[in-house]
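Report on the following structure.
The values are calculated or read from the model by the stated rules, or taken from the named source; none is laboratory data. For clarity, every value in this text was computed on a predicted model and none was experimentally measured. Cβ placement follows ideal geometry from the backbone for every residue including glycine, while neighbour counts extend to all protein chains displayed. Each accessible area value is taken on the protein alone, full model and side chains, heavy atoms only, with ligands, DNA and RNA left out. Shrake-Rupley method; radii C 1.70, N 1.55, O 1.52, S 1.80 Å.
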Amino acid sequence: MSMNESAVPMDGCMVRIEGLRKSFGDLEVLRDVNLDVAPGEVVTIIGASGSGKSTLLRCINLLETPDAGHVWFEGSDLTADHVDVNGLREDIGMVFQGFNLFNNMDVLDNCTLAPVTLKKMGKAEAEAVALAHLESVGLADFAHAAPATLSGGQKQRVAIARALCMNPKIMLFDEPTSALDPQIVGEVLEVMRGLARDGMTMVVVTHEMEFARTVSDRVVFMDRGVIAEQGEPEQMFTEPAHPRTRAFLARYLRS
Ligand SMILES: Nc1ncnc2c1ncn2[C@@H]1O[C@H](COP(=O)(O)OP(=O)(O)OP(=O)(O)O)[C@@H](O)[C@H]1O
Ligand SMILES: [Mg+2]
């Protein structure tokens with residue numbers, strides 16, 4: 001590699017995280033996290049409350065600013081000074097536990113807002129795109145509904161459709177089903193399963209172990225700010241190497 005080539009070797013991955021550190025005051029939340037995500041890969045992140053899962057996810061789209069280390073996205077260093085944060089967020093879809101829909105506009109307008117304002121897409125085209133995504137999450141009939149009238153599962157499916165309207169290259173999910181009633185969780189997981197099947201690159205923080213086990217290509221176990229262990233789901237769930245992984249999973253998999 002010549003001296004003036006600044007791009008990090010991505011080795012074919014879409015996201016490369018190196019030496020990531022983040023503290024809040026005296027609390028070290030991320031301590032040297034390293035993680036690669038390949039195109040089309042579904043990575044789930046599991047771990048106890050407070051282990052740094054959300055902070056890690058939020059560093060990928062710069063909702064948090066890392067203290068040290070690098071987050072590379074398709075060869076660009078997101079931690080560099082002059083990164084175009086808005087351009088970046090167009091490529092990185094995010095779905096939160098709490099839906100974060102705009103309650104003062106209907107479902108369709110929620111979906112067209114970002115494409116129209118950020119991508120300068122024409123309103124008619126944005127609506128056609130939005131309707132197609134609403135259809136794909138089973139909510140075509142709810143285009144003109146107010147978010148407040150929807151169930152939690154419907155709201156979360158709108159949030160997913162809204163993120164897809166930006167045509168993201170990767171989708172980040174932070175406990176997308178944790179705020180939902182148990183009987184509603186399945187409909188959201190089903191949409192996510194479909195996305196994974198269609199080849200979407202996804203990083204999913206979740207406590208849904210069945211989803212982690214059956215949908216993800218790789219499971220990452222976070223423990224007190226580091227990745228203690230990662231591997232293929234079958235290996236992680238049947239023969240975890242790290243005692244902290246075993247202890248964590250035992251709480252979920254107790255039969
Ligand atoms: N903006 C913030 N200011 C101060 N402390 C924070 C902030 N965000 C997170 N923390 C703290 O950092 C630690 C890790 O938080 P984080 O949200 O990343 O954990 P998590 O693994 O996502 O946990 P959970 O499973 O409860 O969502 C926690 O102790 C949390 O209180
Ligand atoms: Mg969290």
*Identify, among Ala148, Gly122, Phe173, the residue whose Cα sits farthest towards the positive end of the charge dipole of segment 87-173, taking +1 on the Cβ of Lys and Arg and -1 on the Cβ of Asp and Glu, with the dipole about the Cα centre.*
Phe173
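Which FRET efficiency value, to the nearest 0.05, is calculated for Ala140 and Tyr252 with the Förster distance at 51 angstrom and r the Cβ-Cβ distance?
After rounding, the FRET efficiency stands at 0.90.
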*asked:* Once you place label points 7 Å from the Cα toward the Cβ at Lys169 and Glu125, how far apart are they in nm?
replied: 2.0
*asked:* I need the phi-derived Karplus couplings for segment 136-151: 6.51 cos²θ - 1.76 cosθ + 1.60, θ = phi - 60°, integer Hz, Gly and Pro marked x.
replied: 5, 9, x, 10, 4, 6, 10, 4, 9, 7, 7, x, 4, 8, 8, 6
*Would you mind telling me the antiparallel percentage of the DSSP bridges in the chain, rounded to 5?*
55
*Can you count the Lys pairs in the chain whose Cα atoms are under 30 Å apart, with each pair 8 or more apart or on different chains?*
12
*Residue by residue, what Karplus-based ³J(HN,Hα) values in Hz, rounded to whole numbers, does segment 101-113 have, using 6.51, -1.76 and 1.60 with θ = phi - 60° and x for Gly and Pro?*
7, 7, 6, 8, 9, 6, 4, 5, 5, 4, 7, 8, 4
*If we sort 60-66, 29-35, 39-45 on the protection proxy, mean other Cβ atoms within 10 Å, highest first, what's the order?*
39-45, 29-35, 60-66
*Once fully extended, how much extra length lies between Leu113 and Leu63, figured as 0.36 nm per residue of separation less the alpha-carbon to alpha-carbon distance?*
16.0 nm
*Identify which of Cys13, Cys111, Cys165 has the largest mean-square fluctuation in a Gaussian network model of the chain, with springs joining Cα atoms closer than 10 Å.*
Cys13
*Tell me, what is a quarter of the convex hull surface for the C-alpha atoms of the chain, in nm² with one decimal?*
15.4
*In whole Å, what is the distance between the alpha-carbon centres of segment 14-43 and segment 188-255?*
16
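Would segment 2-128 count as rounded, prolate or oblate if I go by the C-alpha gyration tensor, calling it rounded below 1.5 in a/c and otherwise prolate when a/b exceeds b/c, oblate otherwise?
oblate
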*Can you give the Rg to Rh ratio of segment 95-156, both from alpha-carbon atoms, with Rh computed by the Kirkwood formula?*
0.95
*Using θ = phi - 60° and the Karplus relation 6.51 cos²θ - 1.76 cosθ + 1.60, list the HN-Hα couplings for segment 46-54 in order, rounded to whole Hz, with x at every Gly or Pro.*
10, x, 5, 4, x, 6, x, 4, 5
*With r defined as the distance between the Cβ atoms of Val83 and Gln183 and R0 fixed at 35 Å, what FRET efficiency is calculated, to the nearest 0.05?*
0.25
_Å² per residue, accessible surface of segment 164-255 at 1.4 Å_ = 46
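Report, to the nearest whole %, how much of the accessible area of the chain belongs to carbon and sulfur atoms, 1.4 Å probe, protein only.
C and S atoms contribute 49 percent here.
Quick one: if the Förster radius is 35 Å, what FRET efficiency do Asp26 and Asn103 give, using the C-beta to C-beta distance and rounding to 0.05?
Computed FRET efficiency for Asp26 and Asn103: 0.40.
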